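Each reported figure results from applying straightforward, stated rules to the coordinates on display, with no laboratory input. None of these values were measured; they are calculated from a predicted model. All Cβ positions, glycine included, derive from the backbone under ideal geometry; neighbour counts span all protein chains shown.
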Amino acid sequence: MDLIESYREELQLIRKPWTRVWVGGLVLALILLPLYCPEATVYVATIICIYAIGVQGQNLLIGYTGQISFGQAGFLAIGAFTFGHLARLGLPWPACLLAAGVAAGLFGIIVGFPSLRLKGPYLAIATMGFGIAVYQVLVNSELLSGGRMGLSVPKIDPLFGLSRITFNYYFNLAIALLFTLVSYNIISSYMGRAFIAVRDNDIAAEVIGVNLTHYKLLSFAISSFYTGIQGGLYALLIGYLEPNMFTFMESITLFVAVIVGGLASIEGAIMGAAFVILVPQFFSAYKEMVPVVYGTAIIVLLIFQPLGFAGIWMKTRLYLRNWPFR
Amino acid sequence: MERFFQYAISGLSTGAVYALVALGLVLIYRSTRILNFAHGDVTTAGTFVAFTLLAFNVPFVVAAVLALLFGAVLAMAFYFSILVPAQRRDATQLGQIILTLGLGLILQGLIAYFGGTEPQSFPFPLSEYTIYKVGGIIVSQLSLGTLAAGLIAAFLFYLLVQRTRLGLAMRATSENLPAAQTLGIPTRRILALSWGLAAVLGILAGLFLAPALLLDPFFMLEPFLKGFAAAILGGLNSLPGAIVGGLILGVAEALTGGFVSIAFKNTLAFVVIIVVLLLRPEGLLGEEFKERV
């Protein structure tokens, strides 16, 4: 949408002064959120921050690299349970969180191997198989899942005299902002270009000199690293884990977030995460209707606005920028 | 040895159900290259229709036929009202798969809303508790009926595809869509019919599964995923492969459950998916698929 004249400009995170203003305003509003919102809202915002990380990761995989995955719940579970077990052993939380991401990332590489030979529908089924296999293993192994009572995870004590909910919010917001920044940097670097090239035409990408094996696996690794971090943070927030949090439905929810938010868009990923968290909140009286809303959103958006919320957002911005001319 | 045959025969009857589910998936995949993620939910919807009709004392056969019709109409309506407009707007293949996922989610929510999430038992003319004993092997009336229904449906389906003009048109459409159009085959109607037939096969499987499991909005999820595994095992674009894959998967599952560990029984299908895709992505009977630039 922008005319970019130099490589330096392309690498810039924010190009227009006005964008700087509203992004700054948005971040400020997020930081001040606990001051003007009830605690329930702050808690929901915390969960959105956590989900935004995982959805961004999956968007790097689905939207940018074009490799479909229906098995995100598997990575989520691996991240969460790695975090839980290590935290119970008494490791400090940064080490646990890193281990959660790395463990999920390693499994991501393993699952990525079929992606070297499989395309589209076949890959969807392979990843779906992985996600459900992880769930089944957890259900059947009391050692891993912590048994019938679930696995309780020690929480971290709030610092600076903040209440637990406010502290959790700032903690997760900071990590989510960090990961958002990392995602923007990934997509504007060589790595991101390679991902996009693989998505648009993998054979042409290979001819130009993108190492296909390397970048496909890297994309899986990064995306599942993000998802593992999401799992770890979720475990830390909830303080309790059981296999039933990681069913096939959870994979679908993350997938819906990517599609509804908009493929190949970081802002879209954040909006998608907000969507899948807010819909169950608004429809808490009609829990059965949540999948109906998800499904309708997918169908309507895919037919009328394939770029999702991010597409609507981009069109609005273009319209406002040129207003009153069209 | 007797235990082996006992497990094998019960595996065959489960396998017949998987084969029916897989047939529906393969039928759609090979004609439109779409993986139908709504297959399980269409099946559940159809079974709930039969259940509701049975509650009004409608005779079983009538209820079953109406349920099958309902599923067929639902699938065709989805094809005409959602897939065709999406194709007109140049939806990608992946986009169309996601559309079926959307339909699945909608149906799942509606079934849970109207049908309730409580597991209910499904009245069925064949009983699970009437058993026959043949040479030391025990077979229940229900599993015998399931096996028979699966094999008969598969045979009728074979006759339809291989021996009728309609089947010829279906094969032509899946082989080469533009060429079939050029030859005057109404491909859109044929594809809609394929969607309807696939739903009929799925609901048939659902009707035989519901009495064995309890009926709730998610009762088809696992058989549906196993049907996927069976379709992959046999080859996603091969109709005989779906039947063979279903039967093999059913028997393998029963044997694993009996001889290895009951906990591993459900995981087997997903291991099968991953292993088959890694070693032989085209499946047992599928054709070699090649990527051309």
Taking springs between alpha-carbon atoms closer than 10 angstrom, which of B:Asn237, B:Asn266, B:Asn57 fluctuates most in the Gaussian network model of chain B?
-> B:Asn57
How many times 2.2 N^0.38 Å is the alpha carbon radius of gyration of chain B?
-> 0.99
Distance between the range B:32-73 and the range A:8-39 - C-alpha centres, whole angstrom = 51
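Hey, what did chain B get for relative contact order, percent, Cα under 8 Å, at least 6 apart?
Contact order relative to length: 36 percent.
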Estimated inter-spin distance, A:His214 and A:Val23, nm [label 7 Å along Cα→Cβ] | 2.9
Convex hull over the Cα atoms of the range B:128-241, averaged projected area in nm²?
-> 9.1
Chain A - percent relative contact order, Cα under 8 Å, separation 6 or more | 31
Could you name the lysines in cross-link range of A:Lys315, using Cα to Cα under 23 Å and dropping any fewer than eight places away on the same chain?
-> A:Lys16
DSSP-assigned coil residues among trypsin sites (Lys or Arg not before Pro) in the range B:221-293, each with at most 10 further Cβ atoms within 10 Å = B:Lys290, B:Arg292
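When N is the residue count of chain A, what does its C-alpha Rg come to as a fraction of 2.2 N^0.38 Å?
1.00
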Which distance in Å, rounded to a whole number, links the C-alpha centroids of the range A:57-123 and the range A:268-282?
-> 21
Principal-axis tilt of helix B:2-32 within chain B, Cα atoms, nearest 10 degrees = 20
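Per residue Cα convex hull volume for the protein assembly as shown, in cubic angstrom?
Roughly 183 Å³ of hull volume per residue.
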Check: C-alpha center the range B:151-188 vs C-alpha center the range A:304-323, spacing in Å is 44
Under the helix-only model (-39500 (n - 2.57) for each DSSP H run of 4 or more, divided by the residues of the protein assembly as shown), the mean residue ellipticity at 222 nm, to 500 deg cm²/dmol, is -24000 deg cm²/dmol
Setting aside same-chain residues fewer than 8 positions from A:Lys119, which aspartates and glutamates have a Cα under 17 Å from its Cα?
-> A:Asp200, A:Asp202, A:Glu206, B:Glu282, B:Glu287, B:Glu288, B:Glu291
Paired Rg and Dmax values of the range B:214-293, which use every Cα atom, in angstrom | 13.7, 49
Pick out, from B:Phe208, B:Pro178, B:Tyr79, the residue whose Cα sits farthest towards the positive end of the charge dipole of the range B:2-279, with +1 on the Cβ of Lys and Arg and -1 on the Cβ of Asp and Glu.
-> B:Pro178
